[in-house]
Amino acid sequence: MSELAKVAYLDLPRDKRTICISDIHGHLDLLVNLLQKIQFSPDDILLLLGDFYTKGPQGEETLKYVIELSQKSNVHALRGNSDWITDDLPPAQRQWIESLPHIIETTDYTFVHGGLTAGDLTQQDAWKCMKNDRFLDQDLHFDKYVVVGHYPSECYCDKIPHNNPISNEKKRIASIDGGTFKTGGQLNALIIQRGEFSFTYTDALSPYRVEKDQPESGGTYNISWDDRFIELVEPGEEFGTYRHLSTGRIFRFPNNRTWRDHDGNLCVGSMATDYHLPVHAGETVSLIKRYTDRIYAKKQGTMGWILL
């Protein structure tokens, strides 16, 4: 029999800021910078939606910091799928993670790492609450907003790639994972106050000053992780020409962003888009990767190419 989710019930004052952060993934510097940026204080409520310490460069330090932070009365945490395996942790840290709820329920919102299925919260499968891929695309609608992490925003983008939170008012789902461990990823803070959503983020990217104007490209496409299979059309030294198998679209990709999976299929990961960012000479963007004749950059959470 599968394990049932643990549900915690919380009273959130509507006049206070409720700050939601998910999928820190061992990026302690990003977390500290983000809390400073939003001026987190004892007057706020902070909800940490799981996936604290794996995949990143500061896993041990991040988990220690999060546990200390959670001792504050205005900080609450729940468990994510990457927090599932705890065998290698010290007993105190393992006990803390295993004690966490899978769902935090309030009067106006439900918070969960991965997602929910329809029905009673007390009958939810714990694992499905933590790992529920493409939750935003499922045919589900809720009476109150469900705030989730787990699945990076970029993976939902089929036209223009971005890492910002996605809110679907019809389904009443807000998905906030900024993909900290992905190329160009960021750590998002969704801020809820008096029923309104806003957000900010931090990342580890360097600033880049744009040298010339570039218009936004139209008719663009972004290849998602779930649809990543390609074939080589024409090789090149730095960039090759590739065909996306499911759409037939032709792209130029950096060769170092392609690889073969264990079945021999050719795949593409990040930077799998033909979108050109709209920029003006003199403005500053965030540099993700520089190539000979172009850069891949981020502007207000949206990513794309800038020709040099």
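The values are calculated or read from the model by the stated rules, or taken from the named source; none is laboratory data. Quick caveat: nothing in here was measured; it's all calculated off a predicted structure. Cβ placement follows ideal geometry from the backbone for every residue including glycine, while neighbour counts extend to all protein chains displayed.
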Selection within the stretch 74-116 - among the β-branched types (Val, Ile, Thr) and either touching a strand residue (DSSP E or B) at 6+ places or on another chain (Cβ under 7 Å) or not assigned by TED's automatic domain parsing to the domain that holds Gln138 (or both)
Val75, Ile103, Ile104, Thr110, Val112
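Yes/no per residue for (1) buried (at least 21 other Cβ atoms within 10 Å of the Cβ); (2) at pLDDT 95 or above:
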{"site": "Leu28", "(1), (2)": "yes, yes"}
{"site": "Gln36", "(1), (2)": "no, yes"}
{"site": "Pro42", "(1), (2)": "no, yes"}
{"site": "Phe52", "(1), (2)": "yes, yes"}
{"site": "Lys55", "(1), (2)": "no, no"}
{"site": "Glu61", "(1), (2)": "no, yes"}
{"site": "Tyr65", "(1), (2)": "no, yes"}
Under 23 Å from Leu30 (Cα atoms), out of contact with any Leu (no Cβ under 7 Å at 6 or more places or on another chain) and loosely packed, with under 14 Cβ neighbours inside 10 Å: which single residue out of Ser198, Ser206 fits that description?
Ser198
Test set (1) out of contact with any Lys or Arg (no Cβ under 8 Å at 6 or more places or on another chain); (2) exposed (fewer than 15 other Cβ atoms within 10 Å of the Cβ); (3) of a type in the set (Ser, Thr, Tyr) - Thr241 fails condition number:
(1)
Are any residues in the stretch 153-173 part of a loop (DSSP other than H, G, I, E, B) and touching a residue at least 12 places away in the same chain (Cβ under 8 Å), and if so, which ones?
Cys157, Asp158, Lys159, Ile160, Pro161, Asn163, Asn164, Pro165, Lys170, Lys171, Arg172
Against the condition touching a residue at least 40 places away in the same chain (Cβ under 8 Å) and either at positive phi or acidic (Asp, Glu) (or both), how does Asp43 come out, does it pass?
no
Residue pairs qualifying under the 9 Å Cβ cut-off, at least six apart or on distinct chains, with the first in the stretch 194-210 being closer than 17 Å to Gly301 by Cβ and assigned to a strand (DSSP E or B) and the second being of a type in the set (Asp, Glu) and at pLDDT 95 or above, are Thr202/Asp29
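Take the conditions in a helix (DSSP H, G or I), in contact (Cβ under 8 Å) with a residue 40 or more places away in the chain, under 22 Å from Ser175 (Cα atoms) and touching a strand residue (DSSP E or B) at 6+ places or on another chain (Cβ under 9 Å) and apply them to Leu34. Does it pass?
Spelling it out, Leu34 is indeed in a helix (DSSP H, G or I), in contact (Cβ under 8 Å) with a residue 40 or more places away in the chain, under 22 Å from Ser175 (Cα atoms) and touching a strand residue (DSSP E or B) at 6+ places or on another chain (Cβ under 9 Å).
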With (1) at pLDDT below 95; (2) farther than 26 Å from Asp203 by Cβ; (3) crowded, with 16+ Cβ neighbours inside 10 Å as the list, and Thr122 as the residue in question, which single condition is left unmet?
(3)
Condition first: surrounded by 24 or more Cβ atoms within 10 Å (Cβ to Cβ) and over 22 Å from Arg228 (Cα atoms). Now tell me which residues in the stretch 166-187 satisfy that.
Ile176, Leu187
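Would you check if Leu28 is under 23 Å from Lys131 (Cα atoms), in contact with a Pro (Cβ under 9 Å, 6 or more places away or on another chain) and in the same structural domain as Ala77 (by TED's automatic domain parsing)?
yes
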Report yes if Gln214 is assigned by TED's automatic domain parsing to the domain that holds Val285 and modelled with pLDDT of 95 or more, otherwise no.
yes
Please work out which one of (1) more than 17 Å from the chain's Cα centre (by Cα); (2) within 19 Å of Asp83 (Cβ to Cβ) is the condition Gly26 fails and give its number.
(1)
Residue in the stretch 254-274 that is modelled with the lowest pLDDT, counting only those that are among the hydroxyl-bearing types (Ser, Thr, Tyr) and within 15 Å of Gly184 (Cα to Cα)
Ser270
Taking first residues from the stretch 174-192 that are not assigned by TED's automatic domain parsing to the domain that holds Thr110 and second residues anywhere that are surrounded by fewer than 23 Cβ atoms within 10 Å (Cβ to Cβ) and not in a loop (DSSP other than H, G, I, E, B), the pairs with Cβ under 6 Å that are 6 or more apart or on different chains are none
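Restricting attention to the stretch 100-108, does a residue exist that is over 20 Å from the mean Cα position of the chain (by Cα) and β-branched (Val, Ile, Thr)?
Scanning the stretch 100-108 turns up at least one residue that is over 20 Å from the mean Cα position of the chain (by Cα) and β-branched (Val, Ile, Thr).
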If you take the residues of the stretch 70-96 that are hydrophobic (A, V, I, L, M, F, W, C) and closer than 13 Å to Ile21 by Cα, which of them is surrounded by the fewest Cβ atoms within 10 Å (Cβ to Cβ)?
Val75
For the stretch 43-146, please list each of the helices (runs of 4 or more DSSP H) lying entirely inside it that holds at least 2 residues being among the polar types (S, T, N, Q).
59-70, 91-99
